[in-house]
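The block underneath contains the structure these notes are about, expressed in structure tokens.
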Amino acid sequence: MPETRRGPTTEVDLTLRVNGSSRRLRLDSRVTLLDALRDRLELTGTKKGCDQGACGACTVLADGKRVLSCLTLAAQCDGREVTTIEGLAPDGGLHPMQEAFIRHDGFQCGYCTPGQIMSAVALLAEGRAGSAEEIREFMSGNICRCGAYPNIVAAIREAAGQDAGL
Amino acid sequence: MQAFEYIRADDVASAVALVSGDLRAQYLAGGTTQVDLMLKDGVLEPKRLLDITRLPLHGITRDGDVLHVGALVTMEELATDAAIAERLPFVRDALLASASTQLRNMATIGGNILQRTRCRYFRDPAVPACNKRMPGSGCAAISGAARMHAILGASEHCIAVHASDLCVPLVALDAVVHIQGPEAGRSAPLTEFYVVPGDRPDVENVLRHGELLTAIDIPLLPPGTRSGYLKIRDRASYEFALTSAAVALDIDDGVIAHARVALGGVGTIPWRALEAEEVLRGAPVGAEVFRAAADAAVHDPFTVPGTAFKVALAKRTLVRALETVTRGSA
């Protein structure tokens, strides 16, 4: 990029650390973490649903905590560790939560599924998968318009059981 | 959506100086209100956005019977704090009844206090009439879909509700916010921090432009105080309140020695119900007293057809909350 085209002050230089690797990026300050992941890093597993903080499809982990990437500016994530659905399991394998979702048919169209799974992984880390009721309450930020909720709860219960046995 | 300059704040003093000196500059914390209103709704249009999330305002410390909470503590951090679980269970209940875990991991306590209304007309610049967004332009909600709107502190100028759950127990507790300005710091009880809209709904609190909310002091309830937060909503979870009530009672031998009461979902500001507290204080625990307290709490409501149901619902919510916390006390 020629020096004469140095960006205006509305651009931001940052390092995004996603799924264990770092990327230097120059972004318009308005770019959300969601759009940076999908459009700049080509990590399209994270989905854009409502794009307004209401549906949970864009859920990722930032420094280990589940957040909504559609309401997070990419600039705010400079240097923070972001984990997306692509980074849950190494080398093309499946995370136990992903396996449980498959086993219990925890989806229909699949669009909300990456957000559901990221949220469910965080739920277990929070220690809030103790009962079906608790799972339903603390997964309420992830909407499934196909209505696969009973199977999602079953998948999380199974994964929680495995987790408790570790 | 207009472009803005993103700046990361290094320390409180320079952050306050920067925003105080530029009317087009705004603070950014968790972003769950700010980013939404800027990028998605086009309601806020700062030219400079000062990210304060790395300022040292993250701690929770206990000083005797007061919890000192930094403005950047997240809702989730406060909800899982041990002192909150032990001595302020209704604050914990209000936090966990708010939003979703994802949003609670992002949203800060300062941001929760300063959150903007969910009024759909305020959030839609295509609607010309909104006195909060454009003073003097009118109120579209008055003749619009107003199920989620206010009946207390409301008028024909504005019926936008303050949607916080957390702030309902906080006003009941006489929590105090700390504010840093360019010259000096000051503090204000939360009950005096919010401003009932009157004919200036654009003025929501006593903050001047550039002043930064840095912390809140939350008094702990005495051991043995019974407290509860009851939230009534259109779905079981992840929904704003239609009505809510926060109550804390000290009961001595079947008589209410001390009462703290506030209502949510019905006020243009988090609504402290001092009149209800007066009715309860010194009265015996019982349904008749609770109904009298509810009548006192919801006096002189301003209703439109969409909100008329809230008068009875708010009263029943308070009665139910009082019944629940006093169960087994007689």
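Data overview
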| item | result |
| --- | --- |
| Residue check, A:GLY127 within 27 Å of B:THR53 (Cα to Cα) and free of Cβ contacts under 8 Å to residues at least 12 places away in the same chain | yes |
| Region B:44-70, residues that are more than 20 Å from B:LEU18 (Cβ to Cβ), of a type in the set (Asp, Glu) and not in a loop (DSSP other than H, G, I, E, B) | B:ASP63 |
| Matching helices (runs of 4 or more DSSP H) fully within region B:71-137 where at least 3 residues are out of contact with any strand residue (DSSP E or B) (no Cβ under 8 Å at 6 or more places or on another chain) | B:82-87, B:89-96 |
| Criterion: surrounded by fewer than 15 Cβ atoms within 10 Å (Cβ to Cβ) and in contact with a Pro (Cβ under 8 Å, 6 or more places away or on another chain) - qualifying residue of B:GLY64, B:GLY42, B:GLY59 | B:GLY42 |
| Scope region B:45-56; condition surrounded by 17 or more Cβ atoms within 10 Å (Cβ to Cβ) and either more than 10 Å from chain A (Cβ to nearest Cβ) or modelled with pLDDT under 95 (or both); matching residues | B:PRO46, B:LEU50, B:ILE52, B:LEU55 |
| Residues being over 11 Å from the mean Cα position of the chain (by Cα) and either within 12 Å of another protein chain (Cβ to nearest Cβ) or more than 21 Å from A:GLY56 (Cα to Cα) (or both) - total across region B:99-128 | 19 |
| Set A:THR32, A:THR113: member being under 24 Å from B:THR108 (Cα atoms) and crowded, with 18+ Cβ neighbours inside 10 Å | A:THR32 |
| Failed condition for B:ALA83, given (1) touching a residue at least 60 places away in the same chain (Cβ under 8 Å); (2) among the small types (Gly, Ala, Ser); (3) within 14 Å of another protein chain (Cβ to nearest Cβ) | (3) |
| Output for region A:59-78, where each listed residue is closer than 20 Å to B:MET38 by Cβ and either surrounded by fewer than 19 Cβ atoms within 10 Å (Cβ to Cβ) or at the interface with chain B (Cβ under 9 Å from one of its Cβ atoms) (or both) | A:ALA62, A:VAL67, A:LEU68, A:CYS70, A:LEU71, A:THR72, A:LEU73, A:ALA75, A:GLN76, A:ASP78 |
| Meets criteria (out of contact with any strand residue (DSSP E or B) (no Cβ under 9 Å at 6 or more places or on another chain), away from chain B (no Cβ under 13 Å), closer than 18 Å to A:CYS55 by Cβ and of a type in the set (Ser, Thr, Tyr)) for A:TYR111 | yes |
| Scan of region A:121-143 for residues that are within 13 Å of the chain's Cα centre (by Cα) and over 16 Å from B:TYR238 (Cα atoms), ordered by number | A:VAL121, A:ALA122 |
| Scope region A:139-161; condition touching a residue at least 40 places away in the same chain (Cβ under 8 Å) and not hydrophobic (A, V, I, L, M, F, W, C); matching residues | A:GLY141, A:ASN142, A:ASN151, A:GLU158 |
| Selection count where residues are touching a Leu at 6+ places or on another chain (Cβ under 7 Å) and within 14 Å of another protein chain (Cβ to nearest Cβ), scope region B:237-283 | 0 |
| Boolean, B:GLY70 is modelled with pLDDT of 95 or more and either more than 10 Å from every other protein chain (Cβ to nearest Cβ) or farther than 28 Å from B:ARG120 by Cβ (or both) | yes |
| Residue satisfying condition, being among the small types (Gly, Ala, Ser) and in contact with an Asp or Glu (Cβ under 9 Å, 6 or more places away or on another chain), within set B:SER164, B:SER187 | B:SER187 |
| Unmet criterion (only one of (1) more than 14 Å from chain B (Cβ to nearest Cβ); (2) surrounded by fewer than 24 Cβ atoms within 10 Å (Cβ to Cβ)) for A:GLY106 | (2) |
| Residues satisfying the stated conditions in region B:69-89, i.e. of a type in the set (A, V, I, L, M) and either surrounded by 21 or more Cβ atoms within 10 Å (Cβ to Cβ) or under 17 Å from the mean Cα position of the chain (by Cα) (or both) | B:VAL69, B:ALA71, B:LEU72, B:VAL73, B:MET75, B:LEU78, B:ALA79, B:ILE84, B:LEU88 |
| Out of A:GLU99, A:GLU81, A:GLU42, sole residue that is touching a helix residue (DSSP H, G or I) at 6+ places or on another chain (Cβ under 9 Å), among the acidic types (Asp, Glu) and more than 10 Å from chain B (Cβ to nearest Cβ) | A:GLU99 |
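The values are calculated or read from the model by the stated rules, or taken from the named source; none is laboratory data. Quick caveat: nothing in here was measured; it's all calculated off a predicted structure. Here Cβ is always computed from backbone atoms with ideal geometry, including for glycine, and neighbour counts include all displayed protein chains.
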